[in-house]
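Trainee: Supplied in structure tokens, the structure appears directly below.
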Amino acid sequence: MPIRTRLTERLGLRHPILLAPMALVSGGRLAAAVSAAGGLGMIGGGYGDADWLEREFAAAGNQRVGCGFITWSLAKQPHLLDLALAHRPASVMLSFGDPAPFAPKIRQAGIPLICQVQTLDHARAALAAGADMLVAQGGEAGGHGATRGTVALVPAVADLARETAPETLVLAAGGIADGRGLAAALMLGADGALVGTRFYAAEESLAVAEVKQRIVSLGGDETLRTTVFDVARQLDWPQPFTIRAARNRFTEAWHGREPALAENRETAVAHYQDAVAARDVSVAGVFAGEGADMIRDIAPAEALLERMAAQAEALLRGTAGWLA
């Protein structure tokens, strides 16, 4: 029997799993596949490109999907929120910045607001803005995040939400790549999970084949949190956010030597851009999380979601047998 939580009831899902809105990776096709399989797919609005957003909403077809934005970047292009709301998304997710300027418009549109948080202060700000759901993102997560671990952060955020706004749902994120992670998230007090890296290697992902293959071969020990890829991509990310990515020749050359990288920015940027164009993952960034240890194939999103849900269901059914 499917797992029923407040999340599945609230959003009408079969499984308590959301696709992370990974920038330029979670496109309309992937989001639609996750939604069709019983989760909720989220299009990754990322740094903001109106034409890209329109194209990916079109690619989602008639499937019910949400959309996510990098909040500090959305502040530079607030009209993109209007574009997304015009498509009546199932939810809007804001990450990495103050949600307060955008929350009223989202709530007035009757769209559930999801805020991703990395600290309890972030969670308090999101609750004050009226978030309907919080995503407690641990530092194990791929891509941008902070440093707190998922296992400690999720119950702390769940307790805060329960005490402050009991109707607010909590999702766990960071290192969740199979049913064990989903089951653990529920035991930690979450209503579901937001999953990124596992779907990065889905067939429908917009990632190029070389990146997907690198994720399949990657181990969590081979990742690190760094800022060097943001310097190379000329992205001015605010503190305290860094990016978790696979170690490669670029991190070997520059991680820990950021002042030297800044001094050689022009040459390094050109080198990095050439590597991205050539799909050379020995230099280009592969933004995967520590859950990469559990990713050993590239498969359709439906199969990945069903596999994760079935494993979690089996584990949760079997927990009673652990008690004397």
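The values are calculated or read from the model by the stated rules, or taken from the named source; none is laboratory data. These numbers were taken from a predicted model, which means no experiment stands behind them. Methodologically, a virtual Cβ is constructed for each residue, glycine included, from the backbone with ideal geometry; neighbour enumeration extends over all protein chains shown.
Trainee: Got a sec? Which of Ala156, Ala131 is crowded, with 24+ Cβ neighbours inside 10 Å, in contact with a strand residue (DSSP E or B) (Cβ under 9 Å, 6 or more places away or on another chain) and not polar (S, T, N, Q)?
Mentor: Ala131
Trainee: Right, something else. How do the pairs read when you match residues in region 212-223 that are crowded, with 17+ Cβ neighbours inside 10 Å and of a type in the set (Ser, Thr, Tyr) with residues anywhere that are at pLDDT 95 or above and not in a helix (DSSP H, G or I), using Cβ under 6 Å and keeping only pairs 6 or more apart or on different chains?
Mentor: Pairs found: Thr223/Arg244; Thr223/Ala246.
Trainee: Also: Test Leu74 against the criterion of being surrounded by 23 or more Cβ atoms within 10 Å (Cβ to Cβ) and either touching a helix residue (DSSP H, G or I) at 6+ places or on another chain (Cβ under 9 Å) or in the same structural domain as Leu305 (by TED's automatic domain parsing) (or both), and give yes or no.
Mentor: Here the answer is yes, as Leu74 does meet what is asked.
Trainee: Then there's this: Take the residues in region 184-195 that are of a type outside the set (Val, Ile, Thr) and surrounded by 24 or more Cβ atoms within 10 Å (Cβ to Cβ); name whichever of them is farthest from Leu305 (Cα to Cα).
Mentor: Per the criteria, the residue is Ala190.
Trainee: Being within 19 Å of Thr119 (Cα to Cα) and of a type in the set (Gly, Ala, Ser): is that true of Ala209 here?
Mentor: Answer is no for this residue.
Trainee: With the condition kept exactly as written, say whether any residue in region 72-82 is hydroxyl-bearing (Ser, Thr, Tyr) and in contact (Cβ under 8 Å) with a residue 60 or more places away in the chain.
Mentor: The answer is no, given that none of the residues of region 72-82 is hydroxyl-bearing (Ser, Thr, Tyr) and in contact (Cβ under 8 Å) with a residue 60 or more places away in the chain.
Trainee: Would you check if there is a residue in region 49-56 being free of Cβ contacts under 8 Å to residues at least 24 places away in the same chain, surrounded by fewer than 17 Cβ atoms within 10 Å (Cβ to Cβ), in the same structural domain as Leu171 (by TED's automatic domain parsing) and assigned to a helix (DSSP H, G or I)?
Mentor: yes
Trainee: State whether the residues of region 64-80 include one that is among the hydroxyl-bearing types (Ser, Thr, Tyr) and part of a helix (DSSP H, G or I).
Mentor: Yes, the conditions are met somewhere in region 64-80.
Trainee: Can you give me the number of residues within region 183-195 that are in contact (Cβ under 8 Å) with a residue 60 or more places away in the chain and either outside any helix (DSSP H, G or I) or not assigned by TED's automatic domain parsing to the domain that holds Gly138 (or both)?
Mentor: Qualifying residue count for the region: 5.
Trainee: Also, quick follow-up: With respect to the numbered conditions (1) assigned to a loop (DSSP other than H, G, I, E, B); (2) farther than 28 Å from Ser95 by Cα; (3) touching a residue at least 60 places away in the same chain (Cβ under 8 Å), which one is the sole condition not fulfilled by Ala314?
Mentor: It is condition (1) that Ala314 fails.
Trainee: Among the listed residues Arg180, Arg198, which satisfies the condition of being part of a helix (DSSP H, G or I) and buried (at least 23 other Cβ atoms within 10 Å of the Cβ)?
Mentor: Arg198
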